[in-house]
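Okay, structure first, notes after.
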Amino acid sequence: MVADCNAEAVRTVEDLTLWPGRKLALVGPMGAGKTHLAMVWAAQVGASVTSAKLIDPAAPTPEFQVIEDVDRIAGDPLVEEAVFHLHNAVLNQGGALLFTGRTPPQRWPVALPDLASRLRAAGVARLDSPDEALLTAVMVKLFADRGVKASPTLVHYVLVRIERTMASVEQTVARLCEAGFASGRKIGRKLAAEVLDGG
């Protein structure tokens, strides 16, 4: 879903012509939706997805690759080396790379100089923390995906009581639906009060 807080990042991720050297870093605070947007892109182009720390050097080189949490590999020379080789292998065969991290690549404390320079050459798409409009739309959709029509009263009640992240919205909708389906009760404000506030 597109809102003011993510529209520019979505546009950039969807247009490979905006990726310098066919590589892009998708950055933003925890809970902004980086993984979700990366997964959407991966599904559209058939990309492989892996955490930077879980790269398998023996795996076939994909045409498109998402490497998550590249900002967290500093200090691990084996992981940095694996990212470096995967980066080169994907681009040498004409593919594209999407990295995720909390900050831009210029601030990633990567020790391997050749990798650091290659990461800094990537384009940057920045996701801001999700605003109320986006969180509301996501919550309504997640309820609808489970066959629940969420009232504005329920959505507002939930949003003011949870952490304002995509992950928190997903977890809360799952909790409420599980409680409602298990008890056969309507998923509304009263049930949300019991689940979220203990009564």
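The values are calculated or read from the model by the stated rules, or taken from the named source; none is laboratory data. Because the structure is a prediction, the values reported are computed rather than measured. Neighbour counts run over all protein chains shown; Cβ positions are idealised from the backbone, glycine included. Accessible surface areas use protein heavy atoms only, side chains included; no ligands, DNA or RNA. Shrake-Rupley method; radii C 1.70, N 1.55, O 1.52, S 1.80 Å.
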Of all residues in segment 132-150 being outside any helix (DSSP H, G or I) and open to solvent by 50 Å² or more (accessible area, probe 1.4 Å), the one that is nearest to G33 (Cα to Cα): R146
Residue within segment 91-102 that is closer than 25 Å to G31 by Cα, assigned to a helix (DSSP H, G or I) and at pLDDT 95 or above present: no
Filtered residues of segment 154-199 (kept if surrounded by fewer than 13 Cβ atoms within 10 Å (Cβ to Cβ) and either touching a His at 6+ places or on another chain (Cβ under 6 Å) or among the β-branched types (V, I, T) (or both)): V160
Close pairs from segment 169-196: first on the phi < 0 side of the Ramachandran plot and free of Cβ contacts under 8 Å to residues at least 60 places away in the same chain, partner among the aromatic types (F, W, Y) and open to solvent by 10 Å² or more (accessible area, probe 1.4 Å), Cβ under 8 Å, at least 6 apart: R189/Y157; A192/Y157; A193/Y157
In segment 18-37, residue nearest to S117 (Cα to Cα) [restricted to those that are out of contact with any Pro (no Cβ under 7 Å at 6 or more places or on another chain) and modelled with pLDDT under 95]: G28
Filter result (surrounded by fewer than 15 Cβ atoms within 10 Å (Cβ to Cβ) and modelled with pLDDT of 95 or more) within segment 62-76: E63
Members of segment 48-68 found to be in a strand (DSSP E or B), farther than 21 Å from A167 by Cα and small (G, A, S), listed by number: S48
Residue in segment 1-17 that is modelled with the lowest pLDDT, counting only those that are part of a helix (DSSP H, G or I) and not hydrophobic (A, V, I, L, M, F, W, C): E8
Which numbered condition L18 fails, given (1) open to solvent by less than 60 Å² (accessible area, probe 1.4 Å); (2) more than 19 Å from A167 (Cα to Cα): (1)
Residues being of a type in the set (A, V, I, L, M, F, W, C), in a helix (DSSP H, G or I) and either in contact with an Asp or Glu (Cβ under 8 Å, 6 or more places away or on another chain) or over 19 Å from D128 (Cα atoms) (or both) - total across segment 19-47: 5
